[in-house]
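To start, the structure itself, in structure tokens.
The values are calculated or read from the model by the stated rules, or taken from the named source; none is laboratory data. Everything numeric here is computed off the predicted structure, so don't read it as measured data. Quick reminder, even Gly has a Cβ in these numbers, built from the backbone with ideal geometry, and neighbours come from all protein chains shown. Keep in mind that these areas ignore ligands, DNA and RNA; they rest on the heavy atoms of the full protein, side chains included. Shrake-Rupley method; radii C 1.70, N 1.55, O 1.52, S 1.80 Å.
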Amino acid sequence: MADCIFCKIAAGEMRARLVYENDDVVAFHDLNPQAPAHILIIPRRHVASLSACSEEDGALLGKLQLAAAAIAKENKLENFRLVLNNGKGAGQSVAHLHYHLLGGRRLNWPPG
Ligand code: DGP
């Protein structure tokens, strides 16, 4: 999608510190980290949000979560949290589906 920053990162048109990529998934360090490890995991294809997903996106959602587990393992993160903000009121500021992988510090519950 033309105006989407995460589409641009996925296409290599905008710089980011990539940590993982395959045909369907791209992961990179968050620009504004909230933990020592804060990695964003996105689908290469533009999907606006989890609410915008349908049955057809089931495999893609699984791939994103499996990528998160692989990245956590690679980075020796035994404890980590996967966060998905859906909608502005929940803190979604970029309208391209993404998981936040957070780790490297104690993560309190409940989240704010
Ligand atoms: P959310 O608020 O859930 O939509 O998360 C969006 C995250 O994306 C936020 O933590 C900051 C990060 N972010 C925004 N723009 C960029 C960018 O251009 N590069 C990188 N690496 N991260 C970005």
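In the chain, with Lys and Arg counted as +1 and Asp and Glu as -1 at Cβ, which of these residues, GLY89, LEU64, ASN32, has the Cα nearest the positive end of the dipole, that is, farthest along it?
Looking along the dipole axis, the top candidate is ASN32.
Can you sort ARG15, ARG105 by 1.4 Å-probe accessible area, starting with the largest?
ARG15, ARG105
Using DSSP to define loop residues, name the GluC sites (Glu not before Pro) in the stretch 10-88 whose beta-carbon has at most 12 other beta-carbon atoms within 10 Å.
Answer by residue number: GLU13, GLU78.
Suppose a student asked you for the relative contact order of the chain, using Cα pairs under 8 Å spaced at least 6 residues apart; what percent would you report?
30
Starting at the first residue of the stretch 94-105, write each ³J(HN,Hα) from the Karplus equation 6.51 cos²θ - 1.76 cosθ + 1.60 with θ = phi - 60°, in whole Hz, x for Gly and Pro.
10, 7, 9, 2, 7, 9, 9, 9, 10, x, x, 8
How much length would be gained if the chain were fully extended between MET14 and HIS29, taking 0.36 nm per residue of separation minus their Cα-Cα distance, in nm to one decimal?
Contour length minus the Cα-Cα distance gives 4.1 nm.
Using Cα centres only, tell me the gap between the stretch 79-111 and the stretch 1-78 in whole Å.
So the separation of the two Cα centres works out to 12 Å.
Give the accessible area for ILE9 in Å² (nearest 10); use a 1.4 Å probe, count only protein heavy atoms, and leave out ligands, DNA and RNA.
20
Determine the per residue accessible area of the chain with all protein chains present and a 1.4 angstrom probe, expressed in square angstrom.
64
For the chain, give the percent of accessible area contributed by carbon and sulfur heavy atoms, probe 1.4 Å, rounded to a whole number.
Whole-percent figure for carbon plus sulfur exposure: 51.
Which value in Å does the Kirkwood hydrodynamic radius of the chain take, with 1/r averaged over all unlike C-alpha pairs and then inverted?
14.3
Under unit Cβ charges (Lys, Arg +1; Asp, Glu -1), what dipole magnitude, rounded to 20 debye, does the stretch 16-112 have relative to its Cα centre?
Around 440 debye, computed over the stretch 16-112.
Relative to the first principal axis of the alpha-carbon coordinates of the chain, what is the inclination of helix 58-74, with its axis defined by its Cα atoms, in degrees from 0 to 90 and to the nearest 10?
In the chain, helix 58-74 runs at an angle near 40 degrees to the longest axis.
Over the heavy atoms of SER54, what accessible area does a 1.4 Å probe trace out, to the nearest 10 Å²?
Probe radius 1.4 Å; accessible area of SER54 about 60 Å².
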